[in-house]
Amino acid sequence: MVSLARRNLLHDRLRFAITVAGVAFAVTLVLVQVGLFMGILDKATVTIQHAAADVWVTSRETPNVDFAHAFPETTVLRVRGVPGVERADNLIVAFMNIQLPSGAEEGCLVYALEDFRGWNLPWVVHEGDVRDLRRGRYILMDRSAERRFGPFAVGEYREILGRRFKIIGTTSGAASFTTAPITFMHYGNAQELSDVLRNRASYILVKTAAGADPREVAAAIRQVAPYNDVYTRDEWASRSRRYWVVSTGLGMNMGVTVFLGILVGIVVVAQTLYTSAVEHVKEFGTVKAIGGSNRDIYRILGEQALIAAVVGFAVGGLLSMAMRPVMAKLYLNVLVSPSFAAAVFVGTVAMCLGAAMLSFRRVAGIDPALVFRA
Amino acid sequence: MKEADSVLAVREIVKVFDEGNQRVEVLKGVSLEVRAGEVVALEGPSGSGKTTLLSIMGCILTPTRGRVEVRGQVVPMDRPDRLREVRRRDIGFVFQQFNLFPALSARENVEYALNVKGVRGAEAGREARRVLEQVGLGDRLDFLPRDLSGGQKQRVAIARALAGGPAVLLADEPTANLDTTVGTQVLELFRAVAKREDKGLVIVTHDPKVRAIADRVVGIRDGRLAA
């Protein structure tokens, strides 16, 4: 069957290119903006996702994993006695100032445990052994620190809150949402650095026994720790994400940008299809004169919109993929899941078809008798 | 000799247009019948109602009063779907400005018309080739309209009108944009096709050359057929 839609589209290549560019712009904007958002948000829960903890015990109203408050470390003793708890340990999470060789100070986020390996923290170690942290004033520093702290190497020393620590290893992937790199040290060393942390912890990590339901275990822990909040891993991750999305306006910013991107796409497609419909009004009149219906013409416009959607999505998708290594150089991660990409494709098709429908009324009113006018 | 069947007839057609505060009666009771294989030339000055009459005969416009019969059947003018069906099945149009689809080749222009008429796939391709060869364009099948001469474009238009086997062809000033020689060739082609395919053919025209190929010349003045 002859596709008048496709042939008309390709006959005017400049207009087709403009239409595709409009769709591709919208698609790229949405994919990259949301991808960046998801990448940034991923940092908000990176330690929650990697830690081998099924339940987190926090102080009251802790808004997210980075902004911890301390509570008595003896609470862990009650938690360990709860049925369904296989293991529970105190974790300290605290922002501390680190002095750079230049004399400047920067902030880092210290994670301190007695036994890191049991909790899969850190999850990627390039140099050094996390077991050695207990042997002295040693730290493992994340490679993302190079961006803010400058280059560093294993064997060098850095001062944290006036105490000298030796860098015995490096990690990667461990950075907080605030971009402060994570530094791992032994639990006892962290408590020595700050009076606030003496005999106190920021979190209790809990591993549930095989077959135990984390939600039920969390509920049981709430009974023995009434002055704390208790979350399953997913609940805690969700809370942390929600804090950054809502309180920083990040979610609103992303929403507005996505909306504007979609609006641009609709306007460009609607404009080009409407202009095309007006320019081809005599052709559509001819279609009607030889026996075609309005539906035949709607089908032409719909097919053109679909072609623009598919080609525009492909171009936009390729552009988005091309931007990922560029963003990576800026230490930004563009995370686009297959399901989200599929959703954007469906949205693109809907957007283009919706734009095409704006022309339907115009073509429905075409009088076939116009074919007789010069 | 048996009289040829009536393929198209209009009976007592009145057409009134509302233009602002005025009512303009463009056709004032026109009756005309076209038989299979007959070539009828419809002549008249500008504003006489020729194109309006052609539009009504082609079921594109509806009359204020009167009736249209195609192949002996009255066409229900209050049913847009039936009018479309009649146009698809029984009427072939040839326009003054050709009205070809510029993005489609000669073959595709004819094929598309067949697709609209419900003929698809290889059958449409075969029929398109057949009618284009009939009008002498067998070697121009894949040419776009911009690469065809005026006469060739009009031949494509004729082929498109013929495709699907309509009972009647309606041509509106088909030679207006052609030079004398080419116009004569196109008119001869029209007549040959109408006679060979036993189609009724109505040509609205100012061109005196049409008289030479017409079986009957009908004049129209001020919305009435001239005696």
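Side notes on the structure shown:
- Rg/Rg_ref, segment A:1-87, where Rg_ref = 2.2 N^0.38 Å and atoms are Cα: 2.23
- Chain A: translational diffusion in µm²/s, Stokes-Einstein, Kirkwood Rh over Cα pairs, 25 °C, 0.890 mPa s: 100 µm²/s
- Cross-link partners of B:LYS209 among lysines (Cα-Cα below 30 Å; sequence separation of 8 or more within a chain): A:LYS282, B:LYS2, B:LYS15, B:LYS28, B:LYS50, B:LYS153, B:LYS195, B:LYS199
- Antiparallel content of DSSP bridges confined to the protein assembly as shown, in %, to 5: 65 percent
- A Gaussian network model of chain B, with springs between Cα atoms under 10 Å, assigns the largest mean-square fluctuation among B:GLU123, B:GLU173, B:GLU19 to B:GLU19.
- Across peptide A:358-370, the average count of Cβ atoms from other chains found within 10 Å of a residue's Cβ is 2.
- Based on the Kirkwood approach, the hydrodynamic radius assigned to segment A:61-226 is 16.6 Å, with every pair of different Cα atoms included.
- Taking every Cα-Cα distance in chain B and sorting them into 5 Å bins from zero, the calculated P(r) comes out as 1, 7, 15, 18, 20, 17, 12, 7, 3, 1, 0 percent.
- Relative contact order, whole percent, for chain A stands at 29, derived from Cα pairs under 8 Å and 6 or more residues apart.
- Computed over segment A:74-122, the ratio Rg/Rh where both radii use C-alpha atoms and Rh is Kirkwood: 1.19
- A:ASN90 sits among other residues whose Cβ lies under 13 Å from its own Cβ, and their net charge, with Lys and Arg +1 and Asp and Glu -1, is +1.
- Net charge dipole, chain B: roughly 300 debye, given to the nearest 20, about the Cα centre with Cβ charges of +1 for Lys and Arg and -1 for Asp and Glu.
- Each Lys and Arg contributes +1 and each Asp and Glu -1, all at the Cβ; summed about the Cα centre of chain A, the dipole is approximately 760 debye.
- Ordered from longest to shortest, the equivalent ellipsoid semi-axes for segment A:43-126 are 26, 16, 12 Å, each the square root of 5 times a Cα gyration tensor eigenvalue.
- Approximating the spin labels as points 7 Å out from Cα along Cα→Cβ, the A:LEU370-to-A:LEU260 distance works out to 3.7 nm.
- For segment A:1-157, the orientation-averaged shadow of the C-alpha convex hull comes to 18.3 nm² (one quarter of the hull surface).
- Expressed to the nearest 5 percent, the antiparallel share of DSSP beta bridges inside segment B:6-225 is 55 percent.
- Simple Cβ-charge dipole of segment A:61-226, Lys/Arg +1 and Asp/Glu -1, about Cα centre, in debye nearest 20: 260 debye
- The local environment of A:ALA201, defined by Cβ-Cβ distances under 10 Å, has a net charge of -1 under the rule Lys, Arg +1 and Asp, Glu -1.
- Note on segment A:137-256: Rg/Rh from C-alpha atoms, Kirkwood Rh, equals 1.04.
- Reducing segment A:62-88 and segment B:137-179 to their Cα centroids gives an inter-centroid distance of 86 Å.
- Farthest toward the positive end of the dipole of chain B, out of B:GLY20, B:VAL217, B:VAL68, is the Cα of B:VAL68, where the dipole comes from beta carbon charges about the Cα centre.
- For segment A:276-374, the Kirkwood estimate of the hydrodynamic radius, built from every pair of different alpha carbons, is 15.9 Å.
Every number here is computed from the coordinates shown, using simple stated rules; none is lab data. These numbers come from a predicted model, not from an experiment. Every residue, glycine among them, receives a Cβ derived from its backbone with ideal geometry; neighbour counts consider all protein chains shown.
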